[in-house]
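> Okay, here's the structure, questions in a sec.
The values are calculated or read from the model by the stated rules, or taken from the named source; none is laboratory data. Small disclaimer: the values here were computed from a predicted structure and weren't measured. Positions of Cβ are generated from backbone atoms using ideal geometry, with glycine treated the same way; all protein chains shown enter the neighbour counts. Note: areas computed on protein heavy atoms with side chains; ligands, DNA, RNA excluded. Shrake-Rupley method; radii C 1.70, N 1.55, O 1.52, S 1.80 Å.
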Amino acid sequence: MAEHEPRSLMHTRCDLGAFQVIYRDPWLVAVHKPAGLLVHRSPIDRQETRFALQITRDALGQRVYPVHRLDKATSGLLLFALDPQSARKLAAQFARREIRKSYLALVRGWPPEQGCIDRPLRYQPDAMGDADRGGAPPLQQALTRFRCRGRAVLDRPLARFPQQRYALLELQPETGRKHQIRRHLNHVSHPVIGDVNHGDRHHNHLFWSWRGYHRLYLAATSLRFLHPATGDEHCLVASPQSDFLATLRALGLQECDDAG
């Protein structure tokens with residue numbers, strides 16, 4: 001794990017203008033959650049007053065039911081149910097690992113064209129809802145598949161290197177461990193840029209000084225699942241946040257409108 005970032009880099013900015021309803025039908029709604037926005041109230045950030053659940057509820061004028069979570073710093077596709085029965089069905093699919101999730105991440109270095117990170121992760125309890133998990137195994141199976149979508153060189157010095165190498169990865173976590181993608185990528189020495197807990201503080205600082213803002217370059221871009229009402233396979237897609245895409249353009253990396 002990297003050293004802790006200074007306070008100036010500890011909080012990802014939240015651009016509420018990036019919030020968007022992507023899909024809605026009588027049973028579910030999908031939104032784009034900006035980086036820096038909590039899904040719901042949490043003791044981790046007691047001072048926060050804005051939450052994706054609340055914003056979605058207010059936008060629709062009706063109650064919504066969360067069926068999964070995204071980390072505060074992660075942007076992208078977030079799914080809510082619009083009734084309790086649909087919520088139970090969707091949550092069960094997540095629990096059974098039947099929902100295929102895809103992410104995009106900007107990482108340090110040049111990983112292989114594709115690969116699979118198969119490494120157990122130590123159990124980390126969540127602040128909400130894990131008080132009864134005292135019997136959880138200390139190590140849990142964790143599997144993340146990835147493929148490289150593009151590579152870039154940045155002409156900025158860092159340490160003894162005059163140029164820096166970065167890559168855009170598409171990732172599919174086959175298990176759902178806490179911070180799985182971030183921990184797995186750090187383990188293979190390709191940490192996500194902007195990750196203050198599992199990343200490289202030197203590269204985080206480089207991007208902060210270059211781009212003028214700090215964010216975690218990890219975005220949830222697609223969900224494939226069985227619709228709770230029809231049973232048909234459904235696929236939802238969300239482009240990364242505009243500041244994420246702007247950094248990809250600045251690096252000369254191809255913009256990706258979907259996660260394949």
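> Which value, in Å², gives the accessible area per residue of the stretch 51-199 when a 1.4 Å probe is used on the protein heavy atoms?
That works out to 49 Å² per residue.
> I'd like the carbon and sulfur percentage of the solvent accessible area for the stretch 187-260, probe radius 1.4 Å, heavy atoms only, ligands and nucleic acids excluded.
Roughly 44 percent, rounded to a whole number.
> How much solvent-accessible surface does Tyr65 expose, in Å² to the nearest 10, with a 1.4 Å probe and all protein chains in place?
The value for Tyr65 is about 50 Å².
> Does the stretch 172-224 come out rounded, prolate or oblate by the C-alpha gyration tensor, with a ≥ b ≥ c the root eigenvalues, rounded set by a/c under 1.5 and, if not, prolate when a/b is larger than b/c and oblate if not?
oblate
> Taking the Cα centre of each part, how many Å lie between the stretch 14-36 and the stretch 75-95?
Here the two parts' Cα centres lie 14 Å apart.
> Find, among the chymotrypsin sites (Phe, Trp or Tyr not before Pro) in the stretch 165-260, those assigned to loop by DSSP (not H, G, I, E, B) with at most 11 other beta-carbon atoms within 10 angstrom.
When the chymotrypsin sites (Phe, Trp or Tyr not before Pro) of the stretch 165-260 are filtered for loop state and at most 11 Cβ neighbours within 10 Å, nothing remains.
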